[in-house]
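The values are calculated or read from the model by the stated rules, or taken from the named source; none is laboratory data. Every value quoted in this text rests on a predicted model; they were computed, and no experiment measured them. Using ideal geometry, Cβ is built from the backbone for each residue, glycine included, and neighbour counts are taken over all protein chains shown. The protein model used for the area step is the full one, side chains on, heavy atoms only, and it has no ligands, DNA or RNA in it. Shrake-Rupley method; radii C 1.70, N 1.55, O 1.52, S 1.80 Å.
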Amino acid sequence: MAQLWGGRFTGETDRLASQFNASITFDRKLFAQDIEGSIAHVVMLAKQGILTGEEKDQIVRGLTGIREDVFEGRLSITEEYEDIHSFVEAVLTQRIGEAGKKLHTGRSRNDQVALDMRLYIRLKVLQVSDHLKGLLETILSLMENHLTTYMPGFTHLQKAQPTTLAHHLGAYFEMFKRDVLRMEDIYKRMNYCPLGSGAFAGTTYPLDRSYTAYLMGFEGPTLNSMDSVADRDYIIEFLAALSTIMMHLSRFSEEIIIWNSNEYRFVEIDDGFSTGSSIMPQKKNPDIAELVRGKTGRVYGALMSILTTMKGLPLAYNKDMQEDKEVTFDAIETVENCLILFKGMLSSMKFNEQVMERSARKGFTNATDAADYLVGKGVAFRDAHGIVGQMVLFCIEKECSIDELSLEELKRFSPSFESDIYEAVSLKTCVEKRLTIGAPGLKAMEEVIRINREFLETRDKERK
Ligand code: ARG
């Protein structure tokens, strides 16, 4: 295996040990970042007079050539190299000769890999944020279309009070909105450049770390060279945020699976996002939602894995840290796919508005409002609660809803009932009277939608 060291070694590395040690099969993902970091590094070295202008130009031309050749398929990243850094340096030196050997001046693979990973994660923080915003757009449009789609709200998975589909979906909007804010937070905290920290103690060359940081769009250089090569906090933060996204997607998936069940039929998942059974011809299964729910465990696993890897590491770099890559790459890919598929599934899903409304009507979701009605007529709330409880029992026997009882029947439970009770416990009234901000009433929902539109629009503008 081609490696960057060997001067002090006399024996060969065991074949299995060398495979075990190598990271090229997965850190090849960092190829573009490795080239970007190397270009910034040599531009800075030339500015500081450590390399000549001529050497810098040769190296930069060599590096951009390698980048093009790999991207266009003329050069492949092969497994004879230990890692992506060795691959780039070896190919560069083959191509441009002596100058190539100067690329690594004032640098260690420790700060190099710290930089590559940071550049990669920084990009992924933005991309995950974009996927989240796409999903938020879908949810917000659905909310706008379903402001008066009545449905039961649940506690303990038992019908509780009536609400609207817009209100229910709005809960998920707030969750994914917080996920976007978490991405913005992580970006700000991680956006400092570790390059120039060397193996861990800086270097004796007069590097300009602020300049390389500036060239790559960082806020500035990191401030402790030991921490720079040993810090993986930002990966842990990112994985924690990805786990939270998956937790939200998983809860939503669980609801969709329930809503799509034969018993509920609140929604119908589009054929494009369902699968059939090999034996039961009648089946249409919500596999995509189930897989999103299932893959949550895998992303949590990545978080636990890195937390555990990091917990016993003395300063500064240790090879254990190479383990940060595979699980993180896998978690990112999983979350990106889940966000894309979930958005597709949601936007193509059919909502059975009448079924939802009937379910709200049949489930005594207006019982609280019936009690509140009696309170309005001067009955103490505790008494009203008892009266309506007895009415519900009666209705269960009779297999009807509260508003299907005649005024005569109602009066048997309380003389305070009058003909305005029917209007008072209609689904529309029950929802429309809930007008505090955050509640499902139309005016309140419209205000929330306006605020959330603005949230998306400001971010849309900033991105442009
Ligand atoms: N493949 C290594 C990693 O991912 C790169 C850094 C190697 N540094 C070293 N001192 N061996 O962490």
Legend entry - Residues of region 130-168 classified as outside any helix (DSSP H, G or I) and under 30 Å from MET183 (Cα atoms), total: 3
Inset, instruction - Considering every residue within region 366-385, establish whether at least one is more than 18 Å from LYS433 (Cβ to Cβ) and in contact with a Phe, Trp or Tyr (Cβ under 8 Å, 6 or more places away or on another chain). - result: no
Legend entry - Qualifying positions in region 212-240 - surrounded by fewer than 17 Cβ atoms within 10 Å (Cβ to Cβ), more than 26 Å from the chain's Cα centre (by Cα) and either modelled with pLDDT under 95 or within 17 Å of LEU119 (Cβ to Cβ) (or both): TYR214, GLY220
Legend entry - Qualifying residue in region 78-93 (condition: among the polar types (S, T, N, Q) and surrounded by 20 or more Cβ atoms within 10 Å (Cβ to Cβ)): yes
Legend entry - Breaking point among (1) open to solvent by 40 Å² or more (accessible area, probe 1.4 Å); (2) more than 25 Å from GLY202 (Cα to Cα); (3) within 16 Å of the ligand (Cβ to nearest atom); (4) among the aromatic types (Phe, Trp, Tyr), for TRP5: (2)
Inset, instruction - Answer yes if at least one residue in region 65-83 is at pLDDT 95 or above, away from the ligand (no atom under 14 Å from the Cβ), part of a helix (DSSP H, G or I) and touching a strand residue (DSSP E or B) at 6+ places or on another chain (Cβ under 6 Å), and no otherwise. - result: no
Inset, instruction - Report whether or not GLU174 is without any contact (Cβ under 8 Å) to a residue 12 or more places away in the chain and more than 16 Å from the ligand (Cβ to nearest atom). - result: yes
Inset, instruction - Read through the list (1) crowded, with 16+ Cβ neighbours inside 10 Å; (2) under 17 Å from ARG209 (Cβ atoms), then give the number of the only condition that ILE35 fails. - result: (2)
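What tally of residues in region 376-396 results from selecting those that are open to solvent by 80 Å² or more (accessible area, probe 1.4 Å) and free of Cβ contacts under 8 Å to residues at least 12 places away in the same chain? Steps first, please.
From region 376-396, those open to solvent by 80 Å² or more (accessible area, probe 1.4 Å) are 381-383, 385, 390, 393, 396; that's our starting set.
If we keep only those that are free of Cβ contacts under 8 Å to residues at least 12 places away in the same chain as well, we get 381-383, 393, 396.
Number satisfying all stated conditions: 5.
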Inset, instruction - Scan region 10-59 for residues that are of a type outside the set (Val, Ile, Thr), within 14 Å of the ligand (Cβ to nearest atom) and assigned to a loop (DSSP other than H, G, I, E, B) and report the count. - result: 2
Legend entry - Unmet criterion (only one of (1) touching a strand residue (DSSP E or B) at 6+ places or on another chain (Cβ under 7 Å); (2) within 14 Å of the ligand (Cβ to nearest atom)) for ASP111: (1)
Inset, instruction - State all residues of region 273-306 that are under 30 Å from ASP320 (Cβ atoms) and either touching a His at 6+ places or on another chain (Cβ under 6 Å) or without any contact (Cβ under 8 Å) to a residue 60 or more places away in the chain (or both); if no residue qualifies, say none. - result: GLY294, LYS295, THR296, GLY297, ARG298, TYR300, GLY301, MET304, SER305
Inset, instruction - Could you pull out the residue among SER243, SER261, SER253 that is within 30 Å of GLY363 (Cα to Cα), open to solvent by less than 50 Å² (accessible area, probe 1.4 Å), more than 16 Å from the ligand (Cβ to nearest atom) and assigned to a helix (DSSP H, G or I)? - result: SER253
Legend entry - Complete set of residues in region 271-283 that are part of a loop (DSSP other than H, G, I, E, B) and either at pLDDT 95 or above or surrounded by fewer than 14 Cβ atoms within 10 Å (Cβ to Cβ) (or both): GLY276, SER277, SER278, ILE279, MET280, PRO281, GLN282, LYS283
Legend entry - Hits in region 97-119 - residues which are crowded, with 19+ Cβ neighbours inside 10 Å and among the β-branched types (Val, Ile, Thr): VAL113
Inset, instruction - Output the number of the condition that ALA166 fails; it satisfies all remaining conditions of (1) touching an Asp or Glu at 6+ places or on another chain (Cβ under 8 Å); (2) under 30 Å from ASP372 (Cβ atoms); (3) surrounded by fewer than 20 Cβ atoms within 10 Å (Cβ to Cβ). - result: (3)
Inset, instruction - Out of the residues in region 120-148 that are buried (at least 17 other Cβ atoms within 10 Å of the Cβ), more than 16 Å from the ligand (Cβ to nearest atom) and within 18 Å of LYS325 (Cα to Cα), state the one that is nearest to the chain's Cα centre (by Cα). - result: VAL128
